Amino acid sequence: MKFSNYTVKIVTQVLADLKTSESGLRDAEARRRLAEGGPNEISARETGPFDILLRQFKSPFFYLLLAAGLVALVIGEIVDGLVIFSFIALNTGLGFMQESKAERAVALLKKYIPTRVRIMRQGAEKFVDKRELVHGDIVMLEAGDVVPADLRLVRAQNFLIDESVLTGESAPVSKNPEPLERETREIFAASNIIFGGTSVVSGEATGAVIGTGRSSAMGEIAKLVAGVNRESAYEKYILKFSRFILKIIVATIVLIFVANLIIKGGANNLEFLIFCIALIVSIIPEALPVVVTFALSHGSLEMAKDKVVVKRLSAIEDMGDIEVLCTDKTGTLTENKLELVDIHSPDRERCLLYGLLGSPLAEDSKKSLFNPFDQGIFENAPAGVRQAIKKFKFLAKLPFDFARLRNSALFANNGGGNLLIVRGAPEAILSLCTKFENHNTRRISLEEIKEDEKAGNRTLAIGYKIVDRDDYTTEDENGLTFLGYVSFHDPLKETARESIRLADKLGVKIKILTGDSKEVAGAVGCEVGLIDDPSKVILGETIDSLKNSKLEKACREFSVFARISPETKYKIIRTLQKDYEVGFLGEGINDAPALKIANVAIAVKDAADVSREAADIVLLKKDLRVIVNGIRHGRNIFSNINKYIKCTLASNFGNFYSIAAISLFIPYLPMLPVQILLANLLSDFPLISVATDKVDVEELRKPKSSPIGQAMTLIIFLAMVSTIFDFIFFGLFNKLGPELLRTLWFIESILTEIVLIFSIRTRHFFLRAAPPSRSVALLAILSAAITIILPFTGAGHDLFHFAAPPVQPLMIVFGMIIAYLILSEIIKLIYYKYMPFNGNHAKKAA
């Protein structure tokens, strides 16, 4: 591999070969290298317009229509054949446009979540898009980052890498910049190389870029995963359901064709074959791929407007399925902007100073303060305290982690010895303190701090000691002097209570998983209305002690979990998944395991790289309301897709069996193949737009669990109504002659399907339901107008063999359509009153 020759070189040789330095490249040189080497991205062959077009020809419906058109041409029906081929072109064009739109939607959404990389350029630290990295760039990494390219280490401190994405080895690997004795081509043996796509577990490092894009190790194996797509459960269900319907229909058509041979002999068999093919096409929901694609692409862009970005379209389905949402409270329910309430210390300024010395600002004055605790202290510290930081020389640090509940830093102190400062959760700091600043701090007890936290205040305790070494371990953090603590208030978001109420309306359970204390978590849980008693909080250590049924019961019953470690988050989510579809919002490096197992992994835009990589959905704004709106969007989209399926099956099944049966007992075809195909097309136009329709609240409360299977009873009843009206129609008009009967039947079949849309789109009385979307209304009116006007035109006569119907039969047809709507409404209302479907998921969520 290309990295191998760098494994045996010392750092200065590597930098010389790359024509760079630890100060980084100059901007002009970086631009030149980018133009020469191309962007740093690994992209399998992109889906182009030709690929999308080819996909349109892989549908069984395409081949059925093609067969019908060819048979028509063979028997001399040139006009019919050309009309059928025009339908093929129109269907293909619609599918191509919608799939192209979906591809563009995904490409557009990717722009919302660029990956930023911290590098050195011209001696200054800056952030650039990952795509702009070039050979010779100096990249700086820390825990939680995903390595953006292949790097030769220049510096490293306590640096561990997760290389499982390349090697399959789950244990973190230690890396250092020392040259190897022998050159290696093996990834697992290259201890001074870090590879693009791997993630930083701990420590910090600086590396020089030696491989980007396709010249990286990951790029060389990209072709192995090219074209692999995840197929969602809903997509599999729809495909399975469509195949089942197709088998039933083909079997029925074969029986009808054989019966026609027996009853009518061999007359007009080719014409009847085209008729049978057209019947198959008419009942199959062939616009379903277009509807699904349109709904997902339209929905993904609508969700993006609400600050929810899906990394794959099928993730919308998963989000709509969420029944339990596990989230932190900080930044989701609260503002994560800590307002300093009080400083509980006899030396307030020194308490603030030591608090800031424990922040990244003391290590490097150019660093930004991302931690809200640090920001809160900094904004309230006097100018003299901020200046005093410069008197301390940073020596070493141990970062915060959930097991220790603290972080620490060591500084050279002009007053003699080195100053070790430890900050963290009060219970963790007090347990390490054996001395107190004076009698005032001695009186501060953990119970008193808990009282402060019960008011919803977050606290940060500070201890210190003098050590005589330039480095230290966790053992040195014992025997501290307690300096005091700082309390902060994190105000609730204005949307917090409303979001909890909206989630309840959707049947979604919210569970807070936080590292904060039981008192703070309980106060916030009560304030947002999630719990009615601040004591209804369970600690992570209690969860860890429970087993089997007791663990499952606790995870179900409690809504607020405090002092939760990443390992405990993983356990809670895994337990909840036995009964629910679980969504999890994470952002830190330690959240990655929980994100990977959650049914729906959600991260914020500014999350650690490894967490954002593991997520299916990225939030541009961290707010519970944003997530709940995303769930609502997901359910809305798939409810509308199900409307299309229910409506097209209910109307088409009835027409299919009645036309097929009647064709056996009359000497002519009840509808010509081109008329069937035209009717199918005109009725599909408003049905396709149903993807944009509004949805009943009842539909939003239930995740979709085999929704079509649950509604099959209603579909069968409505199909029977359609069949009954077809036989009544035939009884009334069978003596009018073939052309007029076909014309009236054409009008009746399309208009009944259009009115059925307005009935089946809601489970309430259709006039009391929310008005349909503008697209549904306009396309329904347009299709109805074409249906009524076309038989009176020359094109209707010449191309589709219609006859202009007299006024009286036309009025009878309109009367039948009104009667059909009334009866369909009665059956629907009775069905939803006495046979409400409640899927297993809905029962568990109740």
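At 0.36 nm per residue, and after removing the present C-alpha to C-alpha distance, how many nm does the segment from Ala785 to Lys247 gain when stretched out fully?
Details: separation 538, 0.36 × 538 = 193.68 nm, distance 3.46 nm.
Between Ala785 and Lys247, full extension yields an extra 190.2 nm.
Roll a 1.4 angstrom probe over the protein heavy atoms and tell me the percent of accessible area of segment 581-666 that is carbon or sulfur. Please report the intermediate quantities before stating the final value.
On the way: 960 of 2020 Å².
The C+S portion of the solvent-accessible surface of segment 581-666 is 48 percent.
With all protein chains in place and ligands, DNA and RNA left out, the 1.4 Å accessible area ranks Asp401, Asp798 as Asp798, Asp401, largest first. Think of a 1.4 Å ball rolled over the protein heavy atoms: segment 576-686 then has 24 Å² of accessible area per residue.
Computed in the context of the full set of protein chains, the accessible area of segment 375-506 at 1.4 Å probe radius has 49% of its extent on carbon or sulfur. Using the Cβ-Cβ distance between Arg701 and Ile826 with R0 set to 35 Å, the FRET efficiency works out to roughly 0.90. With all protein chains in place and ligands, DNA and RNA left out, the 1.4 Å accessible area ranks Met671, Met720 as Met720, Met671, largest first. Over segment 353-450, the pair-distance histogram of Cα-Cα distances with 5 Å bins from zero comes to 2, 12, 20, 23, 22, 15, 6, 1 percent, rounded to whole numbers. When a/c reaches 1.5 or more, the comparison of a/b and b/c decides; with that in mind, is segment 741-840 rounded, prolate or oblate per its Cα gyration tensor? Note, shape of segment 741-840 comes out prolate. Against the criterion of solvent-accessible heavy-atom surface with a 1.4 angstrom probe, Thr713, Thr252 sort, most first, into Thr713, Thr252.
Which of rounded, prolate, oblate describes segment 518-606, given a ≥ b ≥ c as roots of the alpha-carbon gyration tensor eigenvalues and a/c under 1.5 marking rounded, otherwise prolate only if a/b is larger than b/c? Oblate, because a/c is 1.5 or more while a/b does not exceed b/c.
The values are calculated or read from the model by the stated rules, or taken from the named source; none is laboratory data. Because the structure is a prediction, the values reported are computed rather than measured. So basically every Cβ, Gly included, is an ideal-geometry build from the backbone, and we count neighbours across all protein chains shown. In case anyone asks, the SASA skips ligands and DNA or RNA and just uses the protein heavy atoms, side chains included. Shrake-Rupley method; radii C 1.70, N 1.55, O 1.52, S 1.80 Å.
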